[in-house]
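Structure record follows, encoded as structure tokens.
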Amino acid sequence: MAQRQTIPVLPLRGTVIFPGLTAPIAAGRPGTLRAIEAALKGDRLVFAVAQRDNTDEPTSDILYSMGVIARIGQIQRGLGGVQLLLQGEQRATALQYTTTEGYMSAVIVPAEEMNPVDENDPAFTALQKETRERAAELGERRGLPEEVVHQVLDAVTEPGKFADLVAGYIELTVPEKQGLLETLNIEDRLRRVLVHVQRQVGLLEAQEDIKSQVQEELGERQREMYLREQMKAIQKELGDDDQSKEMTELRDKLNKLELPKEAHAEVERELGRLERSGRESMEAQVIRTYLEWIAELPWNKRSDDHLDLNNAATVLDDDHYGLKDVKDRVLEFLAVRQLRAQQLAQEVEREGELPASVLKAEKNDATPSLALVDDDDKAITDQKEAKAKAMAKGPILLFIGPPGVGKTSIARSIARALGREYVRVALGGARDEADIRGHRRTYVGAMPGRIIQGMKQAGTKNPVFLLDEVDKLGASYQGDPSSALLEVLDPAQNDTFTDHYLGIPFDLSEVLFIATGNFVQNIPGPLLDRMEVVDFSGYTEREKAEIAKKYLIPRQLEESGLSDKGIHFTDDAVMSVVSNYTRESGVRQLERQLGAVARKVARKIAMGETGPIVDEEITVEEVRELLGRPKVHPERAQESNEVGIATGMYYTPMGGDIMFVEASIRRYYGKTETGEMGPGGAVSLILTGQLGDVMKESARAAFTYATNNAAKLGIPKDRLGAIEAHIHVPAGAIPKDGPSAGLAIATALVSEMSDRAVRRDVAMTGEITLRGRALPIGGLKEKVLGAHRAGIKHIIIPKANEADIEDVPQEVRDTLKFYPVETLSEVLDIALVKPPAAEEVKPLESAA
């Protein structure tokens, strides 16, 4: 009886080891690693047995009972486990599996093979020979060298070991290999191995047949492709193939275009390349796309211009309220175009190229038009060309102003008044030069820039082309789009604008370009030099109320389903929304608030509520109930005259308003900022309120002028010693900068130092110099409107800004009194309250 022994168990996943074979094994499970360590401490023997299931935690239930006693050969340790070579030695049967010290052990007994009754039996000998030949054939079909296959097979002579050798190398499932391992009868094992080998050989033969058939089929397809190409050539000669028709249509479409000489040569060259290229080639698709782009561009198609000034004025007034300066500039633009077209038409007639009937029709029409009623087509064409020349090479307009004042919408109105197509391109955030000029065709997925795309969208050669938010162009390593716009917006160059994708000049001279932006300082100088700036100022409260009544309220009522309910706002209710719930130069926020009122009313009506809110009239009280407490708290003029507080004016893109400049001084007994000890003439200046560098410099200039001219300004000597002056501009959380607060700062300082109150109804703006001169500033209209809104009655401005008063609406000018000044002394005479003759200046408080 075979001797029992207990050895560690090495569970195998997805493989079976046969006696006499060496197999590499990767082990990483904790139990397996402990089993290997236990075997290495002993005689290096393990019981290698296959698992029935591919699980990470093997148990005795999923292990087969028969395995192989294997010896651990080489071993290599790594981070993920160990790599080792197992040499199968003998079959064995597990009698019992046990788990101790974290690994599995088995009590095994070796399994004895059953030799054939007669090894010299012809049937057994034939079986063995057939197995060898089929195994050699299998190895050769797998691509192994013949000598290597025979060397390996001839090295094993015993039938049982030969069967195990072949079983270890053929591709079988784990159950099939386990079945061969458990076959102890050598003759039966050889027969089963032969069956598997023959099956593998048959599978390889089938694969070779399939491969041969595939190659034959590919050969047939290549032959078919060749024949089809020949057929295409024959069809091309006959002129009846689809591709020939498409080429003919594309060529006809391109021939109808009046292309420049360079463009025509390029198109002919690309057409030749397309005809020589195969239809399925990638290059043909690229060329076709390129030619289709050229065919779809408006090379010679123009829209008929309507130069009727009365109609244009009506269109602009219908679409926009106010903006008189802007409308005047647009109408002047159209008037020049009309006169130039008329002049050119007369020159053509004098040269004898235009019949008198055409001129007569032109004279009888109050507004010259291109739609001439004459039988002479050449005359009509000539006059169209004349008017096109008149409209070409005009100035490029730049609309600059705060958000929501109608810059974009008035461009659409200009297009409608002219009868032209309208194209809008948003340039905000564009950082790539290719956005303007396009990509070169060498790139995959290349396409024209947004200028050419806009021209294709317009479909005419002379659209109104809006470049929106041109002040928000960016720059990156991919180029500067603002530099690419230099050629587009230059009337002397844009008649030969070359897009990188097209590679040929395209005439943009008849396009009416209009650019918009919020901040003119963000536009590069060379680009700004090519455009004519038209300033858009903010609306007054009265203008906003009129816009709301004429445009915004009807639109919001219609969108809310209330247009047929007879609901309307009272004038006071509209003004309440304007002044208490919005603070902007435009009307976008105003429209949102009116929309909120309309929606809330619509909700109440839909729910069947009754009451004053759902009646036909919306009053101030109902606005307060619907929108809640006022959300805007603008500055108001002070209630009384105060010492050391002057009223200034400022301007932001959201509009103008007033601000208060506060000044306070005290005697200083300590070390000053200059390092000197007081009293003795040293002073300290403190500036608070998040003031910018320019505003700080204005404060220092004002303080220097006040101290150096104390006697002339009426400042007592006891307030000129060692003092600490503190200037503060509320609100402290808002950054402020600019030179225009110089007069207000100086007035507040002199008021505090001379103990004279500043008039509450006076506001001022202007830059101050060390000599006390008042220098001009910008944004006067917006500042004056903000001061008027705050209840100010008297405005002090620099003398150089006197002409800017004309920009202020007449109804505002009638309620204000302006004081143009040249020096600070004039400002103080107006702004400071004159003290009684007997009143003495209070002594200055001191502080340690």
Percent antiparallel among DSSP beta bridges confined to the chain, nearest 5, equals 60 percent
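Calculate the dipole size of segment 471-618 relative to its Cα centre from +1 charges on Lys and Arg beta carbons and -1 charges on Asp and Glu beta carbons; express the result in debye to the nearest 20.
Details: 15 positive and 25 negative charges, 183 e Å.
Approximately 880 debye in magnitude.
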Just to compare against my own numbers: the Cα pair-distance distribution for segment 489-592, 5 Å bins, whole % per bin, please. 2, 10, 15, 12, 11, 9, 8, 9, 10, 8, 4, 2, 0
Roughly how many Å² of R624 are accessible to a 1.4 Å probe, to the nearest 10? 120 Å²
Rounded to the nearest 500 deg cm²/dmol, what is the calculated helix-only ellipticity per residue at 222 nm for the chain, with -39500 (n - 2.57) per DSSP H run of length n ≥ 4? -13500 deg cm²/dmol
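Based on alpha-carbon atoms only, what is the radius of gyration of segment 422-580 relative to the globular estimate 2.2 N^0.38 Å?
This ratio for segment 422-580 stands at 1.39.
Hey, what does the equivalent ellipsoid look like for segment 67-154, semi-axes from the Cα gyration tensor as sqrt of 5 times each eigenvalue, largest first, whole Å?
Numbers: eigenvalues 251, 118, 16 Å².
Semi-axis lengths for segment 67-154 are 35, 24, 9 Å.
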As straight-line cross-link partners of K461, the qualifying aspartates and glutamates (C-alpha separation under 13 Å, not fewer than 8 residues apart within one chain) are E258, E296, D304, D305, E385, E421, D495, D507, E510
How far is the Cα center of segment 427-467 from the Cα center of segment 804-820, in Å? 46 Å
Using a 1.4 angstrom probe and counting only protein chains, how large is the accessible area of V587 in Å², to 10? 20 Å²
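Which whole-number percent gives the relative contact order of the chain, counting Cα pairs below 8 Å spaced six or more residues apart?
Values: 1478 pairs, mean separation 59.2, N = 848.
Relative contact order comes out at 7 percent.
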Karplus 3J(HN,Hα) series, Hz, for segment 693-698 with 6.51 cos²θ - 1.76 cosθ + 1.60 (x for Gly, Pro): 4, 5, 5, 5, 5, 4
Largest-first principal axis extents of the Cα set of segment 419-475 (Å): 38, 27, 12
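Rounded to the nearest 20 debye, what is the charge dipole size of segment 396-481 about its Cα centre when +1 sits on each Lys and Arg Cβ and -1 on each Asp and Glu Cβ?
Numbers: 13 positive and 8 negative charges, 75 e Å.
Approximately 360 debye in magnitude.
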At 1.4 Å probe size, what's the solvent-accessible area of R340? Round to the nearest 10 Å². 90 Å²
Once you list every other residue whose beta carbon is under 13 Å from the beta carbon of A702, what net charge do they have if Lys and Arg are +1 and Asp and Glu are -1? +1
Distance from segment 513-591 to segment 278-330 (C-alpha centre basis), Å: 27 Å
Given charges at Cβ of Lys, Arg, Asp, Glu: the chain dipole, positive-most of H320, G454, Y290: H320
Over all alpha-carbon pairs of segment 139-212, lay out the pair-distance distribution in 5 Å bins, whole %, shortest bin first. 3, 15, 23, 23, 19, 11, 5, 2, 0
Beyond 29 Å between alpha-carbons counts as too far, so tell me which of K327/K600; K544/K604; K736/K817; K301/K550 fall in that bin. K327/K600; K301/K550
Segment 718-816: percent of C-alpha pairs farther apart than 20 Å? 46 percent
Debye, to nearest 20: dipole size of the chain, +1 on Lys, Arg Cβ, -1 on Asp, Glu Cβ: 2560 debye
Can you check how the C-alpha radius of gyration of segment 541-635 compares to 2.2 N^0.38 Å, as a plain ratio? 1.01
Kindly give the semi-axes, whole Å and largest first, of the ellipsoid equivalent to the chain, taking each as the square root of 5 times a Cα gyration tensor eigenvalue. 90, 52, 27
Space enclosed by the convex hull of the alpha-carbon atoms of segment 3-78, per residue, Å³: 106 Å³
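The values are calculated or read from the model by the stated rules, or taken from the named source; none is laboratory data. Just so it is clear, the structure is predicted and the values come from calculations on it, not from any experiment. Backbone-built Cβ (ideal geometry, glycine too); neighbour counts: all protein chains shown. When the accessible area is computed, the model is the full protein with side chains, heavy atoms only, and any ligands, DNA or RNA have been set aside. Shrake-Rupley method; radii C 1.70, N 1.55, O 1.52, S 1.80 Å.
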